[in-house]
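Visitor: Take a look at this one; I'll ask things after.
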Amino acid sequence: LGKLVTPNVFMVGYTNCDYSGLRAYLEYTGQEDFMRSVQAAKEEGLSDGEILCSFYAKLCYKSLVLGKNSNVKRVRDIPDNVRSILDTAHGSVLEHAAVNFIVTDCSRVFTHEQVRHRQGVAYSQTSGRYCRLDSIEFVWDDLLEPVRGLAVDAIASAEKTVYLMECRLGLRKPPYGASPDDIPAAVSPAFRAPVEIAGMLWPLRGGMSPDEVVFLTRVYRADSGGYWQGSEADAAALRAMCRWVPDDKFNFEKRKQLTSLIRRFAPNGQANEIGVSLNLRALRHIVQVRTARHSEREIRNVYGQVYNLVKARFPLIFCDAREKMYDGMLEISGMKTQPYEIAAGDPRALEYFDVSALESEIARRRAT
Ligand SMILES: Cc1cc2nc3c(=O)[nH]c(=O)nc-3n(C[C@H](O)[C@H](O)[C@H](O)COP(=O)(O)OP(=O)(O)OC[C@H]3O[C@@H](n4cnc5c(N)ncnc54)[C@H](O)[C@@H]3O)c2cc1C
């Protein structure tokens with residue numbers, strides 16, 4: 001039986017800045033002073049991704065340095081500018097930087113939910129068409145502990161089904177090595193007892209036909225102590241009976257087709273992997289939606305890990321997030337992702353809602 005596993009997230013890449021290219025552009029356009037802001041931001045620990053987002057935001061208003069736009073009377077430093085981007089939800093500039101993850105030991109339940117996110121994301125997932133299910137590792141959650149026995153039985157049954165299908169469809173060599181090479185040319189008196197032959201035929205085709213039982217009873221007569229009693233012709237018949245025939249199914253296309261069909265019998269909880277790359281705008285949206293208490297526990301777990309990994313390297317990108325533990329997992333809220341939203345705790349909320357509307361909203365949230 002395969003292992004019980006839980007998902008793990010690894011950050012494997014993120015956008016970097018080519019500072020020689022940036023400097024060349026700034027010199028070309030007479031904005032070299034911006035490099036001082038870049039230097040200060042780096043000393044504060046900002047990531048290249050955050051610096052690039054700020055660069056593109058400032059580009060919009062010709063506010064990289066003073067003197068390029070007479071409407072601009074002062075320029076913000078980069079951290080301040082990033083906070084302002086988040087505060088106003090000027091989200092498109094956050095699309096310039098991306099982060100790359102690999103999520104391993106995650107279920108097909110998770111990957112199906114993940115790929116519903118279409119904007120600003122890229123995916124590469126374990127191919128169920130190419131990859132054979134030699135053993136099924138299963139994504140576990142401790143809430144299932146009271147039904148562990150049932151779960152283990154279900155996984156074992158799925159594994160057995162897949163295994164037998166592979167044997168019978170010619171994809172996998174059955175046990176006892178019942179291939180033409182494994183059957184001796186001349187059958188020795190003690191060659192394979194009936195029980196062993198029955199075991200050999202089970203994965204090949206589910207057992208023996210009545211004719212085969214009669215045949216085996218004759219060639220292994222009990223009154224001779226269960227030793228072989230057959231002729232050379234019987235030996236040839238036995239070899240034909242036990243032969244595992246991979247035949248034409250062993251060309252690559254056929255193997256792929258069968259592998260893909262057999263995966264229908266594997267559970268949704270089978271462990272697999274997905275590579276996910278997200279730009280910072282999509283990341284903020286998805287972290288918030290998928291760590292919410294109403295989301296599925298596995299995706300909450302994954303995005304809790306994503307949040308911590310990103311926060312450790314991008315100090316500002318979640319600076320407006322509210323962190324809370326709910327049901328033992330991180331719940332991230334309060335980030336503004338669209339200009340028309342009101343950030344959590346924004347005093348301007350009073351301009352938009354009257355007091356009774358706010359009170360009923362508070363009451364609704366307390367009730368959930
Ligand atoms: C708690 C929870 C329960 C759910 N239950 C169900 C369910 O029962 N059934 C079900 O089918 N799904 C369900 N979903 C999935 C959900 O409906 C979305 O498909 C999924 O969350 C992807 O989010 P998104 O639409 O924001 O997509 P993203 O690709 O992440 O898009 C980001 C944003 O871009 C904009 N956008 C994206 N695509 C378009 C578009 N084509 N046109 C206009 N604007 C666009 C939207 O503003 C969107 O919010 C659930 C999700 C959650 C979090």
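The values are calculated or read from the model by the stated rules, or taken from the named source; none is laboratory data. Computed from a predicted model, the values in this text were never measured in an experiment. FYI the Cβ positions are ideal-geometry reconstructions off the backbone, even for glycines, and counts take in every protein chain you see. To get the accessible areas, we keep the full protein, side chains included, count just its heavy atoms, and leave off ligands, DNA and RNA. Shrake-Rupley method; radii C 1.70, N 1.55, O 1.52, S 1.80 Å.
Visitor: Tell me the carbon and sulfur percent of the accessible area for the chain, rounded to whole percent, probe radius 1.4 Å.
Guide: 53 percent
Visitor: On to the next question. What net charge do the residues around PHE10 carry, taking every other residue with its C-beta under 15 Å from that of PHE10, with Lys and Arg at +1 and Asp and Glu at -1? Please report the intermediate quantities before stating the final value.
Guide: Details: positive: ARG313; negative: ASP105, GLU273.
Net local charge, PHE10 excluded: -1.
Visitor: Right, next: What Kirkwood Rh does region 244-311 have if only Cα atoms enter the pairwise 1/r average? Answer in Å.
Guide: After inverting the pairwise mean of 1/r, the radius is 15.3 Å.
Visitor: Can you show me the helix-derived [θ] at 222 nm for the chain, built from DSSP H runs with n ≥ 4 at -39,500 (n - 2.57) apiece and divided by the number of residues, rounded to the nearest 500. Display every interim value, and only then the final one.
Guide: Details: 14 runs with 162 residues, N = 368.
So the helix-based figure for the chain works out to -13500 deg cm²/dmol.
Visitor: Further, regarding this structure: With a bin width of 10 angstrom, please list the P(r) values of the chain as percents of all Cα-Cα pairs, from the 0 bin to the one holding the largest distance.
Guide: Calculated P(r), rounded to whole percents: 4, 17, 19, 17, 13, 10, 8, 6, 4, 2, 0.
Visitor: At what distance in nm do the modelled label points of SER157 and SER260 sit from each other, each positioned 7 Å from its Cα along Cα→Cβ?
Guide: 2.9 nm
Visitor: Next question. Name the shape class, rounded, prolate or oblate, that the alpha-carbon gyration tensor gives for region 286-364, where a ≥ b ≥ c are the square roots of its eigenvalues, rounded holds for a/c under 1.5, and otherwise prolate holds if a/b is larger than b/c and oblate otherwise.
Guide: Values: a/c = 2.78, a/b = 1.60, b/c = 1.73.
Note, shape of region 286-364 comes out oblate.
Visitor: Nearest 20 debye, what's the magnitude of the dipole of the chain about its Cα centre given +1 on Lys and Arg Cβ and -1 on Asp and Glu Cβ? Could the numbers behind the result be given before it?
Guide: Numbers: 48 positive and 46 negative charges, 118 e Å.
Taking the Cα centre of the chain as origin, the dipole is about 560 debye.
Visitor: Pulled fully out, how much extra length does the chain show between GLU113 and ARG221, if you take 0.36 nm times their separation in residues and subtract their Cα-Cα distance? Before the final figure, lay out each step's value.
Guide: On the way: separation 108, 0.36 × 108 = 38.88 nm, distance 6.00 nm.
Going from the current span to full extension adds 32.9 nm.
Visitor: Cα centroids of region 117-159 and region 28-60: how far apart, whole angstrom?
Guide: 44 Å
Visitor: At 1.4 Å probe radius, can you tell me the per residue accessible area of the chain in Å²?
Guide: Here the per-residue accessible area is 55 Å².
Visitor: With Kirkwood's inverse mean 1/r over C-alpha pairs for Rh, give me the Rg to Rh ratio of region 1-149, two decimals please.
Guide: 1.17
Visitor: Excluding residues fewer than 8 places away in the same chain, name every one of the aspartates and glutamates whose C-alpha is closer than 16 Å to that of LYS73.
Guide: ASP33
Visitor: Students often check this: by mean Cβ neighbours within 10 Å, which of 324-330, 274-280, 258-264 ranks highest, and how do the rest follow?
Guide: Values: 324-330: 12.4, 274-280: 22.3, 258-264: 15.4.
In descending order of packing, they fall as 274-280, 258-264, 324-330.
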